[in-house]
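The next block holds one structure in the form of C-alpha cells; read it before the comments.
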Amino acid sequence: MGNPTRFPHIVVHPPALDGSRRVTSEDIVLGVASHLDDVVEILRLADLDRIEVEVSDLIEWQGGGPDDWPGLSEHHGQQEA
C-alpha cells in the first residue's frame, strides 16, 4: 500500500496593523500577503498551487476568512478620496 500524499497545514494569520497577513506552513513562514491573490502566489511559489485557497480544508484562516483584508479596503478608500 502506497503512502498517501501529505499536504502541509497552511495558516493565514490574523491581519497585522497594516492589513497584511503572514502565511505559514508548519513552523515555516512562506510569505506575507496583502490580498487573496498574494496568498495564491505564495502557495504557487511553494509548489502548493493545487490548493483551492478559498475553500480548502488545508488552510486555516485566523482572524477572518479569505475576504477579510482590513488594511486593503482602508487603503483603497484613501486613494479614491
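We did not get these values from a lab; they are worked out from the coordinates using the rules stated. Note that the coordinates shown come from a computational prediction; the quantities given were computed from them, not determined experimentally. Backbone-built Cβ (ideal geometry, glycine too); neighbour counts: all protein chains shown.
Any idea what the relative contact order of the stretch 10-80 is, in percent, if you count C-alpha pairs under 8 Å spaced at least 6 apart?
34
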task = Give me the number: length gained by fully extending GLU54 to VAL32, i.e. 0.36 nm times residue separation minus the C-alpha to C-alpha distance, one decimal in nm.
result = 6.2 nm
message = For the pair HIS9/ASP67, report the inter-label distance in nm, with labels modelled 7 Å from Cα in the Cβ direction.
response = 2.7
